[in-house]
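Following: one structure in structure tokens, then a few remarks.
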């Protein structure tokens, strides 16, 4: 069974929140920091991991992501405050350091999948690998 991880990112001023779901949080956070996908998070410079939840089943993670996306901002802020009161970037606590980010960058530049990537994705699924 595939694990699902729901996460919330913000920008350096904590003014914009982004909620996502992934099977590989470490890789996904590195991709956000590198602005691999030129979408919402790149446009608003959202790359600071402030919250995450791990689920045993991917579909439970997807369900939770949909739930959180419907929440008001103040509810999300309370959730983050309980988990990470100082809103610190948690990236390094999950292994996203400069060396790992560089490895992900090099993998993309060579046209390879990022470290830890299963190589299975669909740009239209709404769910990254």
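Bear in mind that the values in this text are calculations on the coordinates, not laboratory data. Treat the numbers as computed from the prediction; the structure is a model and nothing was measured.
For the chain, the longest principal axis of the alpha carbon atoms and the long axis of helix 73-83 meet at an angle near 80°. Ordered from longest to shortest, the equivalent ellipsoid semi-axes for the chain are 22, 18, 13 Å, each the square root of 5 times a Cα gyration tensor eigenvalue. Taking the C-alpha atoms only, the angle from helix 58-69 to the longest principal axis of the chain is near 50 degrees.
To the nearest ten degrees, helix 98-109 and the longest principal axis of the Cα atoms of the chain are 60 degrees apart.
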